[in-house]
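All remarks here apply to the structure that follows.
The values are calculated or read from the model by the stated rules, or taken from the named source; none is laboratory data. Here the structure is a predicted model, which is why all the values come from computation and not from measurement. Methodologically, a virtual Cβ is constructed for each residue, glycine included, from the backbone with ideal geometry; neighbour enumeration extends over all protein chains shown. To get the accessible areas, we keep the full protein, side chains included, count just its heavy atoms, and leave off ligands, DNA and RNA. Shrake-Rupley method; radii C 1.70, N 1.55, O 1.52, S 1.80 Å.
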Amino acid sequence: MKANRLLTNHAARVLAMLCALLLLGGAGLYLWLCAGLPAPDDLSAYTGAPSSKIYDRHGQLLYEMPPPYTGSHTPVTLDAIAPYLIQATIATEDATFYSNPGLDLHGILRAVWINVQGGEAGGSTITQQLVRTVMFSADERVERTLYRKLRELILALRITRRYTKDEILTLYLNETYYGNMAYGVEAAAQSYFGKSARDLDLAECALLAGLPQAPALYNPLEALDAAKVRQAVVLDLMVKQGYVTAQDAELAKAEPLDFAAAPFPIRAPHFVMYVRGQLERKLGLARVQAGGLNVYTTLDLDLTDAARDAIRHHLELLAVCHYDPVCPPGGRNVRNAALVALDPRTGEVVAMVGSPDYFSARIAGAVNGATALRQPGSSIKPLTYAAAFEQAALGQGDFTPATMLLDVRTAFVTREGTPYVPLNYDLVFRGPVRLREALASSYNLIAVKVLDAIGVETLTEMARRLGITTFDDGAGRAGRIGLAIGLGGGEVRLLELTAAYAAFANGGYAVQPRVIRSVEDADGVVLWETPAGLGDRVLDARVAYLITDILSDDLARVPTFGEGSVLNLSRSAAVKTGTTTDFRDNWTVGYTPELVIGVWVGNADNETMKEVTGITGAAPIWHDVMEAALKGQPVHNFARPDGLVDVEVCALSGELPGPDCPHRVVETFIAGTEPDTVCTMHQRIDGVVYTVLPPEAQDWAREHNLPQPATHDSQPTPHLAITSPDAGAVYRIDPAQPREVQKIAISVAEDMYFEKIKLSIDGLPLASLTAPPYTLLWRLEPGVHTFSAVGRTVDGMEIASGDVTIEVRE
């Protein structure tokens, strides 16, 4: 018994010692965690930081970034904030805010589980975020340690005991960073929408509430698509929490947003905001907010100011129809433009203008047109031709600047099986055209023919190599666009398209736009030096030169732009315009060996202009800024690389001249791609020289009174083609109209006289035609139908056309 009592007493003493050790350990752990922990008595005491300065390349101050909670920071009470913004914030950041004790145990466990599984998720409540934002140092704010997390939880519990929920929420909404150098909801409302936080509607509130998680990533002034995706997430969370109905959320998602900004002292504001975003991505938001940075950029402020003034001047001239005596009612309806200028040898951005007036709400001036997604129109065409010439250089294709293609009405079958008939801007077809003229004069149909031959993915792969990222944001985007991408049916950013052209200017090297040269702290220690923006070779130098040679060929662009157009500079320059079919966007991008400038003109809200084209809208701005930037600088010619040859060819067919070719030109080829066949298009028959065209061009020849030989026994095998209807066409029978009047034309084109042409439908005889034009009217009948034709020559030879299949629906 005595031994048992001794064991019991000993066990009790051991247990007591263990409890004491646990208590001491817990107390020690608590003291260790709480050591130096800031007191939550006055949160406003933790908001000071030195300012940072952003300079241009010559040391001129662009902007002094205010430290957090100074400058663009106006605290307001909860009743001065739109209720939707409060609800959106709670739904997005902390759905249990009003019921939790400052931390959400379920959220923490969920975040731990996701992180254990290899993902990344936060479990922070609004109170924890407030702690991290205003009470931790810049270094501690970015720590991802258990120690920092436990200290955050302790402070969150203390703040919850010290302040009411409304006080915590008010502090959070007033201290959170919303991007665009705006701290707090009032500053954010003014910076993005030019209005008070109390006046925001549901769509605006949802957009702002989505910004704090990644202000640079979701900045609507530079990445509206990403911001709208985030806005939709917020609205869906508001529906889930019962704050709004699903219908209200959908209406808010569809609402156009009008951006504006309250004026403040800043030079080159769009560029500065772009630089700020770069700093946040590279150094982290916490380090940028800590202040004390000196940021040395690539910008030439004087050139940027000159570009802005040129934009304003030419927009004013467009408004009063200065370029055209015939002015549509209400003027040209064009309010906005953007410009990017960069050095193709280094990638340094020397000028950026995002709009004519950053602070104008009328034009949504705060939106950066240099980074916004817009359709490029024909300015994308040089990439198609570069891809085609590259295939030829690799022995995988036949396209050269001398290749002749027929600019006649042509239907292409899309991936959906429907016909696509591209038209030239002036609705005129030009018959046989060499690719040099087709690119320089921007013929649409030829560009689509080239793209159809090389494949859409060949173009998008070239675009990716040259730095265009917007054709690569999902497996289906470029494929969904199809052939229309060759005429600008996709979307690009002006900054990226200008950088892509830089690869043509520098002989084939990729260019990554560079806006920051170096960043130093307050003591002069270099924190970040950016490498030169010139990357690896991504394009054969010979291909780059061919594109440059064509785009700088003033004579080749005369058919469309005339002589002495605004595209001509006082020195040689390569340039391309672009205009979308509905006049929503027009472009001019051009370059010399030392400078590339891209200009976009349109309206930030995507409203259509009134007949403003690349040559009347963007080109005059491009011309004036190029001349101003290069004034007084020595003239440099584009360097011609080795591996090119000059060969005389027929000016029409692009082949080696035959004895009857009336006109000849010297064309440049990549060695090994020059023609080795003699022109057969010009033929002497009975003492007369004919320009003999293939069957698909016979209608064009007749329309242009170009005589064709009646017979030509020495010619190659004749051809026959069904030109109407288009393959894949779908017709619908109108029940309101008599069936006998619902007919379509079945037309056949030929390149010589046929004694008889037999038409068939679905393998059965339809008609016999004995004289041109070989056309008949066929009454629509429901179903899928296939047409074919067989022609018989005077000597009994039979020539068959290809099949054309259509569908008729009731």
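Below, the figures for the structure above:
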| read-out | value |
| --- | --- |
| Breaking point among (1) free of Cβ contacts under 8 Å to residues at least 24 places away in the same chain; (2) crowded, with 21+ Cβ neighbours inside 10 Å, for residue 279 | (1) |
| Pick from the stretch 253-285, criterion assigned to a loop (DSSP other than H, G, I, E, B) and within 17 Å of residue 88 (Cβ to Cβ), ranking: modelled with the highest pLDDT | 255 |
| Residues of the stretch 624-647 classified as touching an Asp or Glu at 6+ places or on another chain (Cβ under 9 Å), open to solvent by 50 Å² or more (accessible area, probe 1.4 Å) and assigned to a helix (DSSP H, G or I), total | 0 |
| Strands (runs of 3 or more DSSP E) contained entirely in the stretch 648-740, each with at least 1 residues that are buried (at least 17 other Cβ atoms within 10 Å of the Cβ) and under 42 Å from the mean Cα position of the chain (by Cα) | 664-670, 720-724 |
| Residue 553 vs. criteria assigned to a helix (DSSP H, G or I), over 25 Å from the mean Cα position of the chain (by Cα) and surrounded by fewer than 24 Cβ atoms within 10 Å (Cβ to Cβ) | no |
| Cβ-Cβ under 8 Å pairs, at least 6 apart or on other chains, the stretch 251-273 side of a type in the set (Val, Ile, Thr), far side open to solvent by less than 10 Å² (accessible area, probe 1.4 Å) and not in a loop (DSSP other than H, G, I, E, B) | 266/62; 266/272; 272/54; 272/62 |
| Residue in the stretch 415-433 that is without any contact (Cβ under 8 Å) to a residue 40 or more places away in the chain and open to solvent by less than 50 Å² (accessible area, probe 1.4 Å) present | yes |
| Filtered residues of the stretch 216-252 (kept if more than 26 Å from residue 79 (Cβ to Cβ), open to solvent by less than 60 Å² (accessible area, probe 1.4 Å) and not in a helix (DSSP H, G or I)) | 216, 218, 219, 220, 221, 222, 223 |
| Residue check, residue 362 under 30 Å from residue 221 (Cβ atoms), open to solvent by 20 Å² or more (accessible area, probe 1.4 Å) and in a loop (DSSP other than H, G, I, E, B) | yes |
| Within the stretch 175-190, considering residues that are open to solvent by 10 Å² or more (accessible area, probe 1.4 Å) and assigned to a helix (DSSP H, G or I), the one farthest from residue 134 (Cα to Cα) | 190 |
| Every residue from the stretch 502-550 that is among the charged types (D, E, K, R), under 19 Å from residue 400 (Cα atoms) and not in a loop (DSSP other than H, G, I, E, B) | 542, 549 |
| Index of the failed condition, residue 457 passing every other in (1) buried (at least 19 other Cβ atoms within 10 Å of the Cβ); (2) assigned to a helix (DSSP H, G or I) | (1) |
| Total residues in the stretch 571-615, condition farther than 27 Å from residue 223 by Cα and buried (at least 24 other Cβ atoms within 10 Å of the Cβ) | 4 |
